[in-house]
1. Might you let me know whether segment A:114-123 holds any residue that is hydrophobic (A, V, I, L, M, F, W, C) and under 17 Å from the mean Cα position of the chain (by Cα)?
2. Step by step: first the residues of segment B:68-105, then only those that are within 9 Å of chain C (Cβ to nearest Cβ) and touching a residue at least 60 places away in the same chain (Cβ under 8 Å), then the one that is surrounded by the fewest Cβ atoms within 10 Å (Cβ to Cβ). Which residue is that?
3. Test of understanding: among A:Val25, A:Val44, which residue is modelled with pLDDT of 90 or more, surrounded by 24 or more Cβ atoms within 10 Å (Cβ to Cβ), in a helix (DSSP H, G or I) and among the aliphatic types (A, V, I, L, M)?
4. How many residues does segment B:60-80 hold that are outside any loop (DSSP other than H, G, I, E, B) and at pLDDT 90 or above?
5. Suppose we keep only residues that are of a type in the set (Lys, Arg) and assigned to a helix (DSSP H, G or I) within segment A:60-118. Which one would you say is surrounded by the most Cβ atoms within 10 Å (Cβ to Cβ)?
6. Does at least one position in segment C:50-72 carry a residue that is more than 10 Å from chain B (Cβ to nearest Cβ), touching a Leu at 6+ places or on another chain (Cβ under 9 Å) and at pLDDT 90 or above?
7. When segment C:7-37 is examined, which residues are found to be at the interface with chain B (Cβ under 8 Å from one of its Cβ atoms), over 30 Å from B:Gly108 (Cβ atoms) and not acidic (Asp, Glu)?
8. Which number in (1) modelled with pLDDT of 95 or more; (2) in contact with a Gly (Cβ under 9 Å, 6 or more places away or on another chain); (3) surrounded by fewer than 24 Cβ atoms within 10 Å (Cβ to Cβ) marks the one condition that A:Trp184 misses?
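The values are calculated or read from the model by the stated rules, or taken from the named source; none is laboratory data. Small disclaimer: the values here were computed from a predicted structure and weren't measured. Cβ placement follows ideal geometry from the backbone for every residue including glycine, while neighbour counts extend to all protein chains displayed.
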Amino acid sequence: MKRLLGVALGILTAIGGFVDIGDLVTNAVVGSRFGLSLIWVVGVGVVGICLFANMSGRVAAVSGRATFEVIRERLGPRAGLANLGASFFINLMTVTAEIGGIALALQLVTSIHHLLWIPVGAFAVWLVIWRVRFKIMENVAGLLGLCLVVFGVALFLLQPDWGQLAGQAMAPAVPQTESAAVYWFYAIALFGAAMTPYEVFFFSSGAVEEGWKVKDLVQSRINVLAGFPLGGLLSVAIAGCAAVVLLPAGIEVTSLSQIVLPVAEAGGKLALALALIGILAATFGAALETTLSSGYTLAQFFGWSWGKFRRPVRAARFHLSMIICLVVAIGVLATGADPILITEYSVVFSAVALPLTYLPILIVANDPQYMGKHVNSRAVNLAANVYLVIILVASLAAIPLLIITGAGA
Amino acid sequence: MNRPRNTPTSLKSPPSVGGPVLDAQLHLLDRQVIDVDGLPVTTVDDIELEGVEADLPISLGARAPVISALLTGPVLGTRIFGGRPPSSRLIRLPWHDVSAVDVTVRLGVRSESLSASWVERWVRDKIIRRIPGGKHDPD
Amino acid sequence: MILTDVLGSRVLNSEGDLLGRVADARFVLDQPPGQLLAGARLQGLIVSPHSAGSFMGYERNDVTRPWPIAQILKWWHRGSFLVLWEDIEIMGPETVRLREGFTAYHPGLQGAGPGQAPQR
């Protein structure tokens, strides 16, 4: 019974923890411009993140090594440092975006300008990282994030033309109002939002934090294989709401209030309140995960002591680096930079950096020195190779498309 | 650089040895170093050899060099960007403190006693310890 | 001396012909124990005719997955060989010179190496 409860909790937190500011913004933007004609990308991204998280979780559980330790050890200091630079920069960008997201959500709730909420949000993130146990932190954020289910409910309440939505989703085509380059640019953005590298840093380091063993692998696989696809459905619901309400009205998503507009229209104040709680929990949870990830990547590269399961004094540089990251994020946001815009860039750069983390994990997941008999099966390797090609293509195409389309303008 | 054309074509089986074999790149360099309490200390940034001098002729029948210490600290920067720190600035983890090598390098001593952990100790004592709650387990 | 100085050095035979570059250094743990673990003696150097880097050592073990990455890297390091310490005349950051009539050995490692995954 207790075990069943654990599985259920794991799945629920995986669902609630799947969506972050990147998924929210990108899905709403895409829905408002392309309807559901890009929704297939969410499917591709979800299968990819399941595969990737499964591999890195297995490496962590079997060998006790988290992702960036593996990257340093396999790539050596030079290529490893280049990798760290890129991954860390994008991760810091995502930290900034998530904290911006917390502030924007609080602005919607309180009508107090989001610039004032930024230090409050960042301080709260730090306090949780400093004092709250890993398991509690993950469960609370994940469960509250489930409020985002209200986007799915809203989609039903809006009574859309299901045939038309299914048609868009099943037979994807570039809308007449948009160019093919913009279509593919957003395809990559959506892919990057679903498969952000930080999720993997966090997932594998979390496996070490929670002390996973080989026997825990079954449960982790269930969490991933059930939780992430259902979390992906939340993304689809967000895009669906935008497609039903914002697309016909010609509203372009530039703020959080537009993302929640369809929910308010469908379900009134209560639904809106739930959506805001969900967004707050999702961005706060993701802010915790990305801030921790920045500490994880640095500490694992340089071999510092790390982990929330240790007291802060037992992982001093790890905690100091996270404090510095949060201060930098506050500094960037204090310049008045638009969090939504930072988010849009961060998901594209995530797609660019993806091969850097994916390839070393794929290689080590096949290395018997690390994995013993738990190396990748042939089926996993086949799928992993297909995704290696997809990830490489998306990574190489991202920057040219960013330039050609003027960031999807 | 000229392409080598003198590569030997027939290879003999290596002589059998009386102990485990470690290839530096594959099994030592860039691995996580963990102390006797399981606390991460640093990574293996380089390795110091004793019993051979660079560019000096080796006399026939000379004893093989041995690993005297694992190195860390500024040597990482020079491995990435080139150059060489002065010998006095090398931070050494003596090989006689190493207790095991698997996917990590384990030490038989506590990190508290090692010069390799001075930065960690400094950050801990000057900053982290002074923030309230830093000394306690998370709730 | 410092080990990574010698990694990547050019390897010449006694006539001065280029054989390749140092890809790795092999140690054997067979010296009298200092305290906890046997001392590590330099057995020799791995020379690769094609590349100075050593990424996975696919040419030295029997790992064949993930296809095709393992195959490509194995091919990249084709022709690698091991020379023993006894056959090294001089060792430095630029060049390593071998003695006359040196012997080239197969670079293969038995099994996956010393560090089998600890079963936690």
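1. The initial filter retains those residues of segment A:114-123 that are hydrophobic (A, V, I, L, M, F, W, C), namely A:115-118, A:120, A:122-123.
Within this subset, residues satisfying the condition of being under 17 Å from the mean Cα position of the chain (by Cα) are none.
No - not one qualifying residue is present in segment A:114-123.
2. So the residue we want is B:Ser99.
3. Details: A:Val44 fails: surrounded by 24 or more Cβ atoms within 10 Å (Cβ to Cβ).
Only one candidate passes the filter, namely A:Val25.
4. First pass over segment B:60-80, keeping only residues outside any loop (DSSP other than H, G, I, E, B): B:66-72, B:75-80.
Those left that are additionally at pLDDT 90 or above: B:66-72.
So the count comes out to 7.
5. Restricting to residues being of a type in the set (Lys, Arg) and assigned to a helix (DSSP H, G or I), the top hit is A:Arg72.
6. No: segment C:50-72 contains no residue that is more than 10 Å from chain B (Cβ to nearest Cβ), touching a Leu at 6+ places or on another chain (Cβ under 9 Å) and at pLDDT 90 or above.
7. Restricting attention to segment C:7-37, the residues satisfying the condition of being at the interface with chain B (Cβ under 8 Å from one of its Cβ atoms) are C:7, C:10, C:13, C:17-20, C:23-31, C:34-37.
If we keep only those that are over 30 Å from B:Gly108 (Cβ atoms) as well, we get C:10, C:13, C:17-20, C:23.
If the condition is that a residue be at the interface with chain B (Cβ under 8 Å from one of its Cβ atoms), over 30 Å from B:Gly108 (Cβ atoms) and not acidic (Asp, Glu), then C:Arg10, C:Asn13, C:Leu18, C:Leu19, C:Gly20, C:Ala23 are the ones that fit.
8. Just one mismatch for A:Trp184, condition (2).
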